[in-house]
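Remarks on the structure that follows.
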Amino acid sequence: MMSENLRNLCKQLRLAYVADAFETVEFSTPQDFLTNVFTKEIEMRELTKIERNLKKAKFLENKSLESYK
């Protein structure tokens with residue numbers, strides 16, 4: 001489990017998703033660990049950005065290309 005100190009450091013550095021992905025990332029070297037953790041952080045930021053932008057757009061209903069007629 002991540003220590004409170006490490007969680008606070010992530011918060012100060014604005015690495016919100018590192019705290020969640022920290023224990024689940026597989027690695028064989030320290031460089032692999034950092035690469036995987038930072039990649040996960042970027043993926044989660046992009047996903048959150050998409051969700052935030054969709055919410056901000058205030059679409060009446062969620063549509064996809066498959067449902068287009």
Legend entry - Within the range 51-69, considering residues that are at pLDDT 80 or above and open to solvent by less than 100 Å² (accessible area, probe 1.4 Å), the one nearest to Y17 (Cα to Cα): N53
Legend entry - Those residues of the range 16-69 which are over 30 Å from L6 (Cβ atoms) and assigned to a helix (DSSP H, G or I), in sequence order: N53, L54, K55, K56, A57, L65, E66, S67
Inset, instruction - Could you identify the single residue in E46, E23, E41 that is loosely packed, with under 12 Cβ neighbours inside 10 Å and in contact (Cβ under 8 Å) with a residue 12 or more places away in the chain? - result: E23
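The values are calculated or read from the model by the stated rules, or taken from the named source; none is laboratory data. These numbers were taken from a predicted model, which means no experiment stands behind them. Cβ: placed from backbone, ideal geometry, glycine included. Neighbour counts: every protein chain shown. Each accessible area value is taken on the protein alone, full model and side chains, heavy atoms only, with ligands, DNA and RNA left out. Shrake-Rupley method; radii C 1.70, N 1.55, O 1.52, S 1.80 Å.
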